[in-house]
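Below: one structure, written as structure tokens.
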Amino acid sequence: MANHQDETRAAYDGVVELYASLFADRLETRPFARAMISTFVELVRATGNLRAADVGCGPGHLTAMLHELGLDAFGLDLSPGMVDHARRAHPALHFQEARMESLPIEDGVLAGVLAHYSMIHTPPGELSELLAEQVRVLAPGGLLLVSFFGTDGPEPVWFDHKVAPAYSWPADRLAELLADAGLVPFARLLHDPGSERGFLDAHLLARRS
């Protein structure tokens, strides 16, 4: 896992300012993703526990969105450049460099984990380890929202992402992995983003059993 993570970290470190400028709109132009995050926040708030992690937070725009919607949110990212940008852009919030397979969070303390296109660079054979770690930090009844590139085929598909190699996933296959990790998938949204890449935008909501 270390090799591809080192490559991904270096790739994102090299595009921090460009990436931040492209995704600074906090989903104003992405109504479907915004709706799923709003639903996620509402369900997290209903648990009575407001602690939530934005895992793979990038420049911190969605961490700030979670905070503005009422969660006690913090951001974690593999890229030190992204973490530095997030801290400068959102000085009132907490951001930390971390690997997704070893989150610096105690067991069972979070009500929510947001993974917004942050697991797309993980090879399919290693994804279960990341999901197990996210389940570890969630309290019973806690929520995970995973956003990713979807495909209609039966298997994950490698593609040449503009920053680092990535994978699209059949929603059913990813839902099975969530279930195997101890989560109960209960909502999904797939839509055509109008992208020349040809993938769907996909979002899965799951609850820790």
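Miscellaneous remarks
- Shape class of region 1-112 from the Cα gyration tensor (axes a ≥ b ≥ c, square roots of the eigenvalues): oblate, since a/c reaches 1.5 or more and a/b does not exceed b/c.
- For region 10-58, convex hull of alpha carbons as volume per residue, Å³: 86
- Solvent-accessible area, 1.4 Å probe, carbon plus sulfur percent, for the chain: 53
- Sorting 46-57, 122-133 by average packing, meaning the other beta carbons within 10 Å per residue, from highest down gives 46-57, 122-133.
- When the convex hull of its Cα atoms is projected in every direction, mean area for region 66-107 (nm²): 3.3
- Antiparallel bridges, percent of DSSP beta bridges restricted to the chain (to nearest 5): 50
- For Gly141, the shell of other residues with beta-carbons less than 9 Å away shows a net charge of +2, using +1 for Lys and Arg and -1 for Asp and Glu.
- Taking every protein chain into account, the accessible area of the chain amounts to 45 square angstrom per residue (probe 1.4 Å).
- Given charges at beta-carbon only (K, R positive; D, E negative), |dipole| of the chain in Debye: 560
- For the chain, the fraction of alpha-carbon pairs in successive 10 Å shells from zero, as %: 9, 38, 41, 12, 0
The values are calculated or read from the model by the stated rules, or taken from the named source; none is laboratory data. For clarity, every value in this text was computed on a predicted model and none was experimentally measured. All Cβ positions, even for glycine, are placed from backbone atoms using ideal geometry, and neighbour counts span all protein chains on display. We work out accessible area using only protein heavy atoms, side chains counted, and drop any ligands, DNA or RNA first. Shrake-Rupley method; radii C 1.70, N 1.55, O 1.52, S 1.80 Å.
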